[in-house]
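One structure is given below, encoded as structure tokens.
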Amino acid sequence: MRSTKPLELVAAVALAGGRYSRDGLVSGIYGGEASDSALPTLAYRARLLGLPVEYDPYTGFYALTSAISLDVVDVLRLSAAGRAGDALCLYRGPFLPRSGSPFAATLRAEIDNAVAQAALATGDQRVIEYAARAVLHPMLADAVRRARPDVASTVLGAAYLRGIGAAS
């Protein structure tokens, strides 16, 4: 798939509880400027991928027409519940790292913060080090550096390489 925009549309709607206004989507995905056909085209492309999203012209909202499971939603939910280990098991790297949309950039930062906060809240150094390998976040980096300066460069180097897409 060349464009990540259909996935952004579905993720935005899912994260909003299954409904999201047209104007909010235009702002988040396109930065406020989009042709009249942009979102209908994204919804069509999402449906081609098997993702159930439709527009209701009477309400001005896009909505999911059936339940779906998205890892991004689950990672945020598990992190908020203090289940850092479970969230990290689902985390596969930054959300749509090549997307420059305001929505994707904001969501990447939100996920990083949520995972970092959940990992730090455990107080478990193994979880914190694992999170620091997966998420490039200053609070995690500082916790690893303070607790185990002997492994800090290894952990932080791995996180940096993952962040730039050079390691998996």
query: Any idea how many residues of segment 50-81 are more than 22 Å from G28 (Cα to Cα), open to solvent by 50 Å² or more (accessible area, probe 1.4 Å) and touching a helix residue (DSSP H, G or I) at 6+ places or on another chain (Cβ under 9 Å)?
result: 2
Close pairs from segment 65-82: first charged (D, E, K, R), partner assigned to a helix (DSSP H, G or I) and open to solvent by 30 Å² or more (accessible area, probe 1.4 Å), Cβ under 6 Å, at least 6 apart: D71/L90; D74/L90
field: Cβ-Cβ under 9 Å pairs, at least 6 apart or on other chains, segment 45-61 side within 17 Å of A14 (Cβ to Cβ) and acidic (D, E), far side open to solvent by 60 Å² or more (accessible area, probe 1.4 Å) and part of a loop (DSSP other than H, G, I, E, B)
entry: E54/T65
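The values are calculated or read from the model by the stated rules, or taken from the named source; none is laboratory data. Just so we're clear, the structure is a prediction, and the values are computed from it rather than from any experiment. Note: ideal-geometry Cβ built from the backbone for every residue, glycine included; neighbour counts use all protein chains shown. SASA here: full protein model, heavy atoms, side chains in, ligands and nucleic acids out. Shrake-Rupley method; radii C 1.70, N 1.55, O 1.52, S 1.80 Å.
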